[in-house]
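Scroll down for the structure; my scribbles are underneath it.
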Amino acid sequence: QEVWDKGSSGINAEYGGKNFLSSLDFVEPCAAAITVLDSSDNKISTLPEAITSMSRLKRLDVSNNDLNNLPPQLAIMDNLASLSVEGNPLRTIRREIIAKGTNAIKDYLRLKLAPASIEESGPTIPDIKPDEIMMQTKTLELDRKQNVPGEVWDQALVCAIVRLSMQHCGLTVIPESVFNLRATLQELELGANNLHQLPPEIGKLVKLRKLNLLNNNLKELPAECSQLVGLEDVNLGHNKFDAIPECLYSIPAICNLIISNNQIRAVEPAKLITMTSLVCLDLENNNIGRLPPELSLIPNLRTLLVMGNTFKIPRADVLAKGSAEVITWLKNKVPQP
């Protein structure tokens, strides 16, 4: 039996369960309008390409069919909140992942997609049982670990981790396995290592929102860092920078920038003003000889930390009153046209 529900904008639901259907090609003419598609308990062996273009689809039930695989593009269907695929002879997704439900399935499928800015294919996803704790926390803590077994990196891939911490590991280079996590990794903690430079591959981590490079030996960042357009929090404290890295000015999302305890001699307010999301700027304990009043014109700046530099004005008593007072003091010093 086939039942079509019609809404104000036309057909928006299709219930075709238990109909001995062998394909879903018949949905293509109205694919854009469908929000619910139930084709469970049929003989469907493949999902048509039209499925992944159904931008309004909220629920898809293809359980108990003959599907061998699922299109990875299901992972980026933002409105798809319910995906039922149990009872199929799927070869590429373990039962443990299916049992965890829609989010786990979409996370797994997302790993099959290479980020849009990366031309090469993504890493092969190991066919192993996911670690339950890592799957739940989406975090891999490797602090103070010198040698990481390949099995651990495999688990990180399968579990689609979003946070990786490798602090106090004595790293002189970033392990290649880190870049294999690019499809999901959002937070990367690499503090307290011995990194002297970052490889161009850092630009592949396009999902990053937080990057902690505190207490290394960095003097510059590669230009590829400008590809990290979603980066919000950057910690470059206790390194050897003599200027704010040029690539950071072109990252629109940065709201917290810590670059204290370096060797910065001067700041360029004209470039900093373009960082419209910047809320906190920590420049403490550098070699800044002059504090430009124009820093107060950074649109959303609320916290400005500048103690421990070589400039004499504003005086220490002004700095001691906190960021709001310093920003106000600087604003009053901006030359009037």
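The values are calculated or read from the model by the stated rules, or taken from the named source; none is laboratory data. This is a predicted model, so every value here is computed, not measured. Glycine gets a Cβ as well: all are built from the backbone with ideal geometry, and neighbour counts include every protein chain shown. The protein model used for the area step is the full one, side chains on, heavy atoms only, and it has no ligands, DNA or RNA in it. Shrake-Rupley method; radii C 1.70, N 1.55, O 1.52, S 1.80 Å.
A few notes on this one:
- Filtering segment 208-217 to residues that are part of a loop (DSSP other than H, G, I, E, B) and either within 15 Å of M166 (Cβ to Cβ) or touching a Gly at 6+ places or on another chain (Cβ under 7 Å) (or both) leaves L208, R209, L213, L214, N215, N216.
- Residue check for L231: buried (at least 18 other Cβ atoms within 10 Å of the Cβ), in contact (Cβ under 8 Å) with a residue 12 or more places away in the chain and not in a loop (DSSP other than H, G, I, E, B): no
- Taking the listed residues L211, L157, the one that is at pLDDT below 95 and open to solvent by less than 30 Å² (accessible area, probe 1.4 Å) is L157, with no other qualifying.
Residue-by-condition table, conditions (1) modelled with pLDDT of 95 or more; (2) surrounded by 18 or more Cβ atoms within 10 Å (Cβ to Cβ); (3) outside any helix (DSSP H, G or I):
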site	(1), (2), (3)
C169	yes, yes, yes
V173	yes, no, yes
N194	yes, no, yes
V206	no, no, yes
K219	yes, no, yes
H238	yes, yes, yes
F241	yes, yes, yes
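- Scanning segment 283-309 for residues that are closer than 18 Å to E325 by Cα, over 28 Å from the mean Cα position of the chain (by Cα), in contact (Cβ under 8 Å) with a residue 24 or more places away in the chain and exposed (fewer than 15 other Cβ atoms within 10 Å of the Cβ) yields R290, G308.
- Odd one out for R182 among (1) open to solvent by less than 20 Å² (accessible area, probe 1.4 Å); (2) touching an Asp or Glu at 6+ places or on another chain (Cβ under 6 Å): (2)
- Unmet requirement for M54, which otherwise passes all of (1) crowded, with 19+ Cβ neighbours inside 10 Å; (2) within 29 Å of L157 (Cβ to Cβ); (3) at pLDDT 85 or above: (3)
- All positions within segment 108-142 that are at pLDDT below 80, open to solvent by 70 Å² or more (accessible area, probe 1.4 Å) and over 19 Å from R95 (Cβ atoms): A116, S117, E119, E120, S121, T124
Results for (1) open to solvent by less than 60 Å² (accessible area, probe 1.4 Å); (2) more than 30 Å from the chain's Cα centre (by Cα), shown as yes or no for each residue.
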residue	(1), (2)
I244	yes, no
I259	yes, no
P269	yes, no
L281	yes, no
D317	no, yes
E325	no, yes
V334	yes, yes
